[in-house]
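Q: I have a structure I would like to understand better, so I am pasting it below and will then ask my questions one at a time.
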Amino acid sequence: MSDEEVVDLFDRAVATVPPALLPAPHAAIRRRVRRRRAAGWGAVTAAVLVIVGGFAVARQDPAPVSPQPAASQAPVVGVPWLGARIDRTGKRITVYAAPLRGKCVELEPAPDELVSAEDKVTMSLDGAYTDCADDTQVTARTFELPQAVGTRFLKDGRSPYGQPFVFSDTDLPDLAAGGWSEQSPVWLGSGDATIAFRFTRAGGPDLRVLASRWQPEPDGTVEKPDHSLEVKGGRIDVYDHAGSMTAGWWSSNTEAVRFTLEVPGTTIGKSEFDALLRGMTWA
């Protein structure tokens, strides 16, 4: 039996004895046990103290760590888009970031957001407005859909102003079929929400097609045309502004978008202009 067991057994045996009945032998016995243990424990105790002391020196208590605030997630930076153009297949949608006077748009290289549902398609542009000298620059991004958009509602995920204006390439003449090449579009003027699509071809003439949300005249009417043409079942209004010929028509699905075709930098007569319009390929 070990010394520890002897001491423990002795303590249990006298636990119920009143203290007054515990004479000196009780203490003597404990002293004898302690002396017997001292010889064997001395070396062990010294070794343990050396080990513990060395560990305490080598491993200092760690400095208290102040709680760090949770890293805040960077806010999503985005810009609204003003207009959307659907290609002839219905699967490619190009959206145009809304213009601001004195500002240009710098899009983030990361992919923008596209959420396609049964009744709507939501597109969001990641980017920011920056100061620039030429605010007529157009910033656009094209989204690819697995299926044609059809009659689904197109929504800007970052704009609180409701649905932007939407039109389809089928609303425009197929100018590529007539030999015209499309150039980069521009905004009509500083901060103007009218986008100008430019087309050129060898031998001319160059064309400019303006697309804008319809704005009525101050009296609520549309400007009266000089005359109108019926082309492929659609009506094209022709205007003669002091020898400068223009044509205007509505988007096919709604009268929310008005198109204006111009021949910039060239004087063209009425009959020649009418022939030009009739010779185009209309959807």
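The values are calculated or read from the model by the stated rules, or taken from the named source; none is laboratory data. What you are looking at is a predicted structure, and each value in this text was computed from that prediction instead of being measured. Please note: Cβ atoms are built from the backbone with ideal geometry, for glycine as well, and neighbour counts cover all protein chains shown. The accessibility values were calculated without ligands, DNA or RNA, using every heavy atom of the protein model including side chains. Shrake-Rupley method; radii C 1.70, N 1.55, O 1.52, S 1.80 Å.
Q: Inspect all residues belonging to the range 264-281 and state whether any of them is under 27 Å from LEU82 (Cα atoms) and among the aliphatic types (A, V, I, L, M).
A: Within the range 264-281, not a single residue is under 27 Å from LEU82 (Cα atoms) and among the aliphatic types (A, V, I, L, M).
Q: Can you tell me how many residues in the range 259-283 are in contact with a Ser or Thr (Cβ under 6 Å, 6 or more places away or on another chain) and open to solvent by less than 30 Å² (accessible area, probe 1.4 Å)?
A: Residues flagged as in contact with a Ser or Thr (Cβ under 6 Å, 6 or more places away or on another chain) and open to solvent by less than 30 Å² (accessible area, probe 1.4 Å) within the range 259-283 amount to 0.
Q: I've got another one for you. Could you please find all residues in the range 141-189 being more than 22 Å from SER252 (Cβ to Cβ), aromatic (Phe, Trp, Tyr) and open to solvent by 20 Å² or more (accessible area, probe 1.4 Å)?
A: TYR161
Q: Further, regarding this structure: If you take the residues of the range 120-140 that are in contact with a Lys or Arg (Cβ under 6 Å, 6 or more places away or on another chain) and open to solvent by 30 Å² or more (accessible area, probe 1.4 Å), which of them is farthest from VAL77 (Cα to Cα)?
A: The extreme case among them is LYS120.
Q: Return the residues of the range 74-115 that are under 19 Å from PRO164 (Cβ atoms) and out of contact with any strand residue (DSSP E or B) (no Cβ under 8 Å at 6 or more places or on another chain); say none if nothing qualifies.
A: Scanning the range 74-115 gives a single hit, ARG101.
Q: Looking at the range 209-242, which of its residues are modelled with pLDDT of 90 or more, of a type in the set (Gly, Ala, Ser) and surrounded by 14 or more Cβ atoms within 10 Å (Cβ to Cβ)?
A: Listed by number, the list holds a single entry, ALA211.
Q: So how many residues does the range 190-208 have that are surrounded by fewer than 18 Cβ atoms within 10 Å (Cβ to Cβ) and part of a strand (DSSP E or B)?
A: 2
Q: Look at ARG158 and say whether it is within 29 Å of LEU100 (Cβ to Cβ), modelled with pLDDT under 90 and not small (Gly, Ala, Ser).
A: yes
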